[in-house]
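Laboratory data are not the source of any read-out in this text; all were calculated from the coordinates shown. Bear in mind the structure is a predicted one, so any value in this text is a computation, not a measurement. Neighbour counts are summed over all protein chains in view; Cβ atoms, including those assigned to glycine, are modelled from backbone coordinates with ideal geometry.
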Amino acid sequence: MMPSSGPRRGDAAGASPPAAMRCVGDVQAVWSAAIEAVRPERLVASRLSIDQGEMRFNGRPLDPPLPIGRLGRIVVVGGGKAAAGVAAAVESLLAGHPSASRGLSGLVSVPEGCGSGLGAIEVRETRPAASNLPTERVVLATREMLASLSSLSPHDLAIAIVTGGGSALLAAPREGVSLEEKIAVTRRLSEAGATIAELNAVRRSMSLVKGGGLARACTAGRLVVLVLSDVIGGDLDVIASGPCMPGDGSAAAGRWTTGRGCHVEHFLLGDNATAVRAAATAAERLGYHVTVREGSAASSRESAEEVGRRLAAEGLAAIDAARSDGCPRAIVEGGEAIVRVPADHGTGGRNQQTVLAAIDAVSSSGAWPAGLSIASVGTDGEDGPTDAAGGFADHSVIEAIGSLRLDVPTALARCDAHPLLAAAGGLIRTGPTGTNVADVRIVLVR
């Protein structure tokens with residue numbers, strides 16, 4: 001769904017200076033552009049095509065070529081927060097080719113709120129929103145996918161959809177491992193601040209589908225894997241725990257052949273850098289001089305508190321520069337911060353914690369400048385177990401915090417950003433966006 005609203009403003013916030021009012025609208029325009037750029041339907045339509053009877057990616061034939069008219073069945077499987085959109089676009093593409101669409105079927109696993117009604121591919125909602133953990137419904141759907149893939153012939157085509165959030169939406173525990181045990185281990189690691197790569201390494205060891213299990217079950221001649229990455233750096237072994245990767249580093253650029261003779265090839269539809277570049281372009285069109293940072297593996301090891309303090313310092317430096325030459329400035333970056341949750345914790349998410357850390361850092365150095373805005377938003381519309389996509393701070397949010405006498409340091413220490421930002425009008429709510437490429441952070445100075 002489209003973002004439903006921008007950052008909400010509390011009644012206690014009072015009137016904001018003109019520069020701050022301009023910034024809040026600009027921030028919404030920038031993060032909205034980021035999300036719009038990674039809509040799966042748009043990405044598939046721009047990347048995947050059928051020309052002269054052959055499937056093509058970015059206008060180029062696959063290697064070896066894939067003539068659609070010579071195929072038998074086409075089965076689509078997969079999971080993730082963007083899986084419904086990718087499935088819809090694939091079904092739409094094949095609908096123009098009767099020989100292909102007649103043999104089309106499939107099943108994809110998505111969170112509640114991300115479903116859609118398609119003709120040939122079932123989109124099944126298998127876990128609650130804002131709860132990034134597998135359920136028995138996820139396990140049932142995944143086992144159905146494995147059975148479907150193992151029923152194909154060498155003349156058939158399998159298409160796997162692998163998108164952000166797929167680890168919790170594609171799950172089939174190994175013999176001797178219960179779903180409850182798998183969830184408990186994952187939760188403890190996450191609360192201890194484990195990175196996505198560390199979490200996925202453990203998930204693979206307990207799963208029949210992760211680490212190449214989905215691909216190994218496939219008896220089709222070809223498996224085309226369409227990937228929308230939520231992993232900074234785009235490591236195919238890490239995205240959704242690599243359900244179609246061999247897990248041993250032997251698949252150069254995602255190409256390999258399974259023991260059953262299925263040729264597997266991965267195709268990247270988009271990633272965090274796609275969203276960051278779109279956000280930066282939007283900021284430039286609004287008149288900002290933009291500093292762009294596409295996320296790196298190193299940036300994914302930063303804590304939310306470190307990111308917030310860094311953005312605060314950079315925002316204050318940009319304010320000084322803007323006052324000197326009158327030029328509006330923007331910083332746009334991607335990432336996925338780590339949050340280490342204390343035993344006595346509150347409610348929040350990594351983006352809200354990042355913004356709260358920025359508020360604390362700026363407040364410690366003096367008054368919040370009227371022309372400074374800082375936002376951090378999850379492109380999937382989910383930030384931890386909350387109803388928010390992220391957080392936002394500007395002059396009016398800071399005024400509301402002061403007027404309501406909200407305790408920022410205590411909320412920060414307890415990872416309790418959500419109620420504080422909700423009271424101050426500093427939450428960003430989009431609802432499920434139907435996509436997921438990690439987070440986008442924005443600093444605007446005017």
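Each residue of the range 429-442 was assigned a 3J(HN,Hα) from its phi angle through the Karplus curve 6.51 cos²θ - 1.76 cosθ + 1.60 (θ = phi - 60°); the sequence is 10, 10, x, x, 8, x, 8, 5, 9, 6, 10, 10, 10, 9 Hz, with glycine and proline shown as x. Residues whose amide H comes within less than 5 Å of that of L48, counting only those at least five positions distant or on another chain, are N58 (H built at 1.01 Å from N in the peptide plane). In order along the range 407-412, the Karplus-derived 3J(HN,Hα) couplings, from 6.51 cos²θ - 1.76 cosθ + 1.60 at θ = phi - 60°, round to 8, 5, x, 5, 4, 5 Hz, and Gly and Pro are given as x. Does the chain come out rounded, prolate or oblate, given a ≥ b ≥ c as the square roots of the eigenvalues of its C-alpha gyration tensor, rounded meaning a/c under 1.5 and, failing that, prolate meaning a/b above b/c? Prolate, because a/c is 1.5 or more and a/b exceeds b/c. When you count the other C-beta atoms within 10 angstrom of each residue and take the mean per peptide, 60-70, 228-238, 389-399 line up highest first as 389-399, 228-238, 60-70. Annotation: the residues V108, V44, sorted from fewest to most other C-beta atoms within 10 Å of their own C-beta, follow the order V44, V108. The residues neighbouring V108, those whose beta-carbon lies less than 15 Å from its own, together hold a net charge of -1 under the Lys/Arg +1, Asp/Glu -1 convention.
Working from Cα pairs under 8 Å separated by at least six residues, relative contact order for the chain is 21 percent.
Each residue of the range 377-388 was assigned a 3J(HN,Hα) from its phi angle through the Karplus expression (A = 6.51, B = -1.76, C = 1.60, θ = phi - 60°), giving 9, x, 5, 7, x, 10, 9, x, x, 10, 8, 10 Hz with x at Gly and Pro. Close amide H contacts of V437 (hydrogens built in the peptide plane, cut-off under 5 Å, sequence separation of 5 or more or a different chain): T379, D380.
If you rank W31, W368 by fewest surrounding Cβ atoms within 10 Å, what's the result? Please list the in-between numbers first.
Values: W31 31, W368 27.
Lowest count first: W368, W31.
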